[in-house]
1. Being over 27 Å from Asp113 (Cβ atoms) and not basic (Lys, Arg) narrows it down to one of Leu307, Leu351, so name that one.
2. List the strands (runs of 3 or more DSSP E) that sit entirely inside the stretch 304-392 and contain at least 1 residues that are surrounded by fewer than 24 Cβ atoms within 10 Å (Cβ to Cβ).
3. Residues that are over 30 Å from Val372 (Cβ atoms): list the helices (runs of 4 or more DSSP H) wholly contained in the stretch 1-109 that include at least 1 such residues.
4. For the stretch 143-200, which residues satisfy the criterion of being in a loop (DSSP other than H, G, I, E, B), within 30 Å of Asn359 (Cβ to Cβ) and not hydroxyl-bearing (Ser, Thr, Tyr)?
5. Can you say whether Glu56 is in contact (Cβ under 8 Å) with a residue 40 or more places away in the chain and open to solvent by 50 Å² or more (accessible area, probe 1.4 Å), as far as the supplied structure shows?
6. Just give me the residues in the stretch 8-35 being without any contact (Cβ under 8 Å) to a residue 60 or more places away in the chain and open to solvent by less than 30 Å² (accessible area, probe 1.4 Å), in sequence order.
7. Considering only residues that are exposed (fewer than 14 other Cβ atoms within 10 Å of the Cβ) and in contact with a helix residue (DSSP H, G or I) (Cβ under 7 Å, 6 or more places away or on another chain), look in the stretch 394-418 and name the one that is farthest from Trp137 (Cα to Cα).
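The values are calculated or read from the model by the stated rules, or taken from the named source; none is laboratory data. Keep in mind the model is a prediction, meaning the values are calculated, not measured. Cβ atoms come from the backbone with ideal geometry, glycine included; neighbour counts cover every protein chain shown. For the accessible areas, the whole protein counts, side chains as well, though only heavy atoms, and no ligand, DNA or RNA atoms are used. Shrake-Rupley method; radii C 1.70, N 1.55, O 1.52, S 1.80 Å.
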Amino acid sequence: MHDPRKLREQTDEYRRRLARRGAADLLDAALAVDGQRLAALRRVEELRAGRNRATEEIAALRKGGQDAQQEIGRMRALGEELKAQEAALAGLEEEVQGLWLQIPNIPSDDMPDGEEPREERVVLKAPAFDFTPKPHWEIGTDLGILDFDRATRMSGSRFALQRGQGAKLERALINFMLDLHTSRGYEEVFPPFLVQEPALYGTGQLPKFREDMFQTQTGHFLISTAEIPITNMHREEILDAADLPIHYCAYSACFRSEAGSSGRDTRGLIRLHQFNKVEIVQFTRPEHSMDALEEIVREAEEVLRRLELHYRVVTLPTGDYGFSAHKTYDIEVWLPSAGMFREISSATNFLDFQARRANIRYRDEEGRVHFVHTLNASGLAVGRTMAAILEQYQEADGSVRIPAALQSFMGTDRIKRQ
């Protein structure tokens, strides 16, 4: 969330920047209620001061042997009004807090407006085929390594079952990604897959995206990304400036209801209710976070470079990026069967937006306390990486070559029909 004081003092600037993502009205609504709250607060303080003065006057009258009934009556009236005003203030404070939480982060000035991303770079050439390339779900089914029919029978639509070399490829990709990130200075963690509501408020999934989450009868939520538990590792903590930046990476299963995505990517591994992902997260000082964003996107790119997969990097526009994000790069991998790039990682700088919600701070060398900046990227979405390998490395005979970087994990250079 934003600093309410800055929203009040720099309203025009925040309104201008939020208007770029169509959210200026949320700011105006919150400030209107905040104005009522401030007026109610002033009235409560006046009533408390008046009640205190009345108490003193009653004491003085009684000490002088005078009749204090009139002052007692006035104090009771002040007390009744104070009780009503305190209740109204509590309601306004709850309402405005809810409105603050609904205001998205401000976009970076160098993000494009509208709905179209800006292409930053294209890496490697698209593979050329002397046959019509198949989609990954057909390749996997023909090889016997993907079984969508059985997954659907047991769990419903948008679930996948990997078998044999498919399961091994999934595991190989997870191990390859984690080994790469840890070799480059990221500390590996293995987080819980269930979290409570405060963790989701901290990273910005709640209250806006409740319908996209799976909730259990215990009140826990299945995580939609490892970003949630990793960011909340330092919830309500004050870190030492000497420990920044902090680098984490983690594997997790991820669970998303995909509410509102009916009819989109209903086949294959692109949009599932359950999928595996390796996440990378950084906590930095504010002055370093934009450089850290460039670093974290390069870290995610390195996975694709080593797998020798054709991809591109784009800067997301103001009309199509995350609620908590300040600036986001999408990394998109090439799927030959569709003839298009598909998102495989989002690398995002949140500034202090998540840190304020989760109260994650650090103490600088002078002893002053500040909010950290948080960043994260998928490094990478495992199922989508598998889909890209099956499609970009497919052969005319139906087999799939294994990228050189994965062969030691797989123990083979090719997946064939058994």
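1. Details: Leu351 fails: over 27 Å from Asp113 (Cβ atoms).
Only one candidate passes the filter, namely Leu307.
2. Numbers: elements: 311-315, 327-335, 340-349, 361-363, 369-371, 373-381.
Correct list: 311-315, 327-335, 340-349, 361-363, 369-371.
3. On the way: elements: 4-9, 11-19, 24-63, 69-102.
It comes to 24-63, 69-102.
4. Residues of the stretch 143-200 that are in a loop (DSSP other than H, G, I, E, B), as a first pass: 144-145, 147, 156-161, 163-164, 184-186, 190-193, 196.
With the extra rule that they be within 30 Å of Asn359 (Cβ to Cβ), the set shrinks to 184-186, 190-193, 196.
Scanning the stretch 143-200 gives Arg184, Gly185, Phe190, Pro191, Pro192, Phe193, Gln196.
5. Details: in contact (Cβ under 8 Å) with a residue 40 or more places away in the chain: no; open to solvent by 50 Å² or more (accessible area, probe 1.4 Å): yes.
When the stated conditions are applied, Glu56 does not pass them.
6. Narrowing the stretch 8-35 to residues without any contact (Cβ under 8 Å) to a residue 60 or more places away in the chain: 8-13, 15-16, 19, 24-25, 28, 31-32, 35.
Scanning the stretch 8-35 gives Thr11, Ala24.
7. Asp413
Every residue, every condition in (1) open to solvent by 10 Å² or more (accessible area, probe 1.4 Å); (2) in contact (Cβ under 8 Å) with a residue 60 or more places away in the chain, yes or no:
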| site | (1), (2) |
| --- | --- |
| Trp137 | yes, yes |
| Thr141 | yes, no |
| Ala160 | yes, yes |
| Gly164 | yes, yes |
| Gly185 | yes, yes |
| Gln196 | yes, no |
| Phe221 | no, no |
| Ala226 | no, no |
